[in-house]
Amino acid sequence: MPFVRQRGSQPLTHPGHAIVASMPGQDAPPGREERYSQAIMAFLGAGLRPPPSRALAVTALAGARRSVGSHPARGESLGKWLAGEVRVRGIRENAAVLAVLELPGYRAMAAQAYARHHPDRITALNDLLAAL
């Protein structure tokens, strides 16, 4: 599920993948979920002009998470899949990397490779890693 905050009384999905209602009119400093959501959107939009819409970002990340989740069941290499996804620059590349970064066992490898290929996106990457 995406970690995107929606305004008003729309649902808020957070890292525990539970849905809770946000409270309208609360303008408190960003909490953990909101900082995580902001870091995700900044990372997904890194290097893209104009930045992707939330709908496109949510769709791309959901697809990448489904692919990442299905690889162990099929006995396929996650590294090989990621290599294929990063050849397609843009939202698809960023979503694939983010989905792999969410797996602690692959985080360091994916972060180092992304930083090596995109040194201009280090700030977005570091903000995301801090929020994970």
Point to revise | Charge tally in the Cβ shell below 14 Å around Ala99, where Lys, Arg are +1 and Asp, Glu are -1, Ala99 excluded | key: +1
Check your understanding: What shape does region 81-132 take by its C-alpha gyration tensor, where a ≥ b ≥ c are the square roots of the eigenvalues and a/c under 1.5 counts as rounded, a/b above b/c as prolate, and the rest as oblate?
Key -> oblate
Study note, to complete from the structure: So for R0 = 25 Å, FRET eff. of Arg74-Asn126 from the Cβ-Cβ r, to 0.05, ends up at 0.15
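Here, each number is a calculation from the coordinates, and none is a lab measurement. These figures come from a predicted structure and were not determined experimentally. Because the Cβ atoms are built from the backbone with ideal geometry, glycine has one as well, and the counts that use them run over all protein chains shown.
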